[in-house]
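Since the structure comes first, as structure tokens, the remarks are kept for the end.
The values are calculated or read from the model by the stated rules, or taken from the named source; none is laboratory data. Because the structure is predicted, anything quoted here is derived from the model rather than measured. For neighbour counting, all protein chains shown are included, and Cβ atoms are generated from backbone atoms with ideal geometry for every residue, glycine included. What goes into the accessible areas is simple: the full protein's heavy atoms, side chains included, and nothing from ligands, DNA or RNA. Shrake-Rupley method; radii C 1.70, N 1.55, O 1.52, S 1.80 Å.
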Amino acid sequence: MRALPIAVTVLAAALALTACDDSSGGGTDKKGTAAASGTCAAGKFALDVGPGNTAPVAGDTGNIPVTVTNRGSADCTLKGFPGVELSGGGTSWPVAEQQPANPEKVTLKPAEAATFTLTYVRGPKGDPKKSAVAKNLKISLSAGGDVQSFPWPYGEVALKTASAPDASVSPFQIAGD
């Protein structure tokens, strides 16, 4: 398998942070700023996906880091795992939580960032019984929270079963840890 160390991927994500505007209100804007729900209801967040190391051929593993930056004016706590789903062609595939993982509460001060990583196995092209033809990546920071959608340019994802991609998502952690 061809995969860069996760530490390098996380460092690249931390360096790729971008500034977001300070629009008010809930929902999302064109730069990925969202008002999170649950324990982070008071904070605004920027979600930045990638850059990742892609899986170039079927059977290879890729890692896509996602950075969550607190753009609010108060501390906010993230718990456990983000909700992550791949979708395409009217089908959705929920991404499993990384096992074994022992998620901790992550408290972000204003302008601080946390990361999580989506790890996936590239599937064979053109085989709907073995691959999810993903076109979008959907992310929520908490159960029932706002969902943001991002393009999925990383190719088809191998399937474990018809409804389960060969992919997992790590818990939240402070950027740089």
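Points worth noting:
- Verdict on residue 59 being surrounded by fewer than 23 Cβ atoms within 10 Å (Cβ to Cβ), modelled with pLDDT of 85 or more, within 16 Å of residue 116 (Cβ to Cβ) and among the small types (Gly, Ala, Ser): no
- All positions within the stretch 62-91 that are over 15 Å from the mean Cα position of the chain (by Cα) and closer than 27 Å to residue 160 by Cβ: 88, 89, 90, 91
- Of all residues making up the stretch 62-76, the number that are open to solvent by 20 Å² or more (accessible area, probe 1.4 Å) and either without any contact (Cβ under 8 Å) to a residue 12 or more places away in the chain or hydrophobic (A, V, I, L, M, F, W, C) (or both): 1
- Some residue of the stretch 142-154 being of a type in the set (A, V, I, L, M, F, W, C), within 19 Å of residue 173 (Cβ to Cβ) and either open to solvent by less than 30 Å² (accessible area, probe 1.4 Å) or at pLDDT 90 or above (or both): no
Conditions tested, residue by residue: (1) in contact with a helix residue (DSSP H, G or I) (Cβ under 7 Å, 6 or more places away or on another chain); (2) within 20 Å of residue 52 (Cα to Cα); (3) surrounded by 16 or more Cβ atoms within 10 Å (Cβ to Cβ); (4) not β-branched (Val, Ile, Thr).
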{"residue": "78", "(1), (2), (3), (4)": "yes, no, yes, yes"}
{"residue": "96", "(1), (2), (3), (4)": "no, yes, no, yes"}
{"residue": "106", "(1), (2), (3), (4)": "no, no, yes, no"}
{"residue": "116", "(1), (2), (3), (4)": "no, yes, yes, yes"}
{"residue": "136", "(1), (2), (3), (4)": "no, yes, no, yes"}
{"residue": "161", "(1), (2), (3), (4)": "no, no, no, no"}
{"residue": "164", "(1), (2), (3), (4)": "no, no, no, yes"}
